[in-house]
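Chemist: To start, I am sharing the structure in question, which I have written as structure tokens.
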Amino acid sequence: MDSSLQCLKEIDIYRRLSYLLMFTLITVLFSLFFIGLTGWTIITYLVKEDSQKYIKEELDNLFDISKMLFLSLKGLIGVLAKHSFSSDSVERTSNESQGIDDQLLKMVTPVEAVEEDTALSSFSPELIEVITEEEEKVA
């Protein structure tokens, strides 16, 4: 019994070591790929002057895509953080925000719909401004 348990522990240790080795190997391969690609790009940029325009365009595209990726990740993290709370806290938060919205709406005076006066359209803008000021004084 003890030997079989010891054997299982050794197998588990070897499996963990193999996962660590695979992870390290994959990380090294990706690093070498990006280092090689960077070196190749720099050498081609410096040696082949006719390709500099195309390399700049592709690097700009790569930069824009990377920027969009990070913005998308930021948005995703924001959504996940916002919705990771329990449903009770979300309902409480929405009720509290609704109460705040109601308080803000009470502070604002409602604006009445303004009817378009077709007779004013024939007057000059200065005259319309004077008429508007006079109407505001009366109101």
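The numbers here are math on the coordinates, done by the rules we state, and not lab data. Being a predicted model, the structure only gives us computed values, none of them experimental. Quick reminder, even Gly has a Cβ in these numbers, built from the backbone with ideal geometry, and neighbours come from all protein chains shown.
Chemist: Determine the shape class of the stretch 11-57: with a ≥ b ≥ c the square roots of the Cα gyration tensor eigenvalues, call it rounded for a/c under 1.5, and otherwise prolate if a/b is greater than b/c, oblate otherwise.
Modeler: Working: a/c = 9.70, a/b = 5.23, b/c = 1.85.
Since a/c reaches 1.5 and a/b is larger than b/c, the shape of the stretch 11-57 is classed as prolate.
Chemist: Excluding Ile65 itself, what net charge comes from residues whose Cβ is under 13 Å from its Cβ, given Lys and Arg +1 and Asp and Glu -1?
Modeler: Residues near Ile65 contribute -3 overall.
Chemist: Follow-up. So what's the net charge close to Lys48: Lys and Arg +1, Asp and Glu -1, counting the other residues with Cβ under 15 Å from its Cβ? The partial results should precede the final answer.
Modeler: On the way: positive: Lys53, Lys56; negative: Glu49, Asp50, Glu57, Glu58.
With Lys, Arg at +1 and Asp, Glu at -1, the net is -2.
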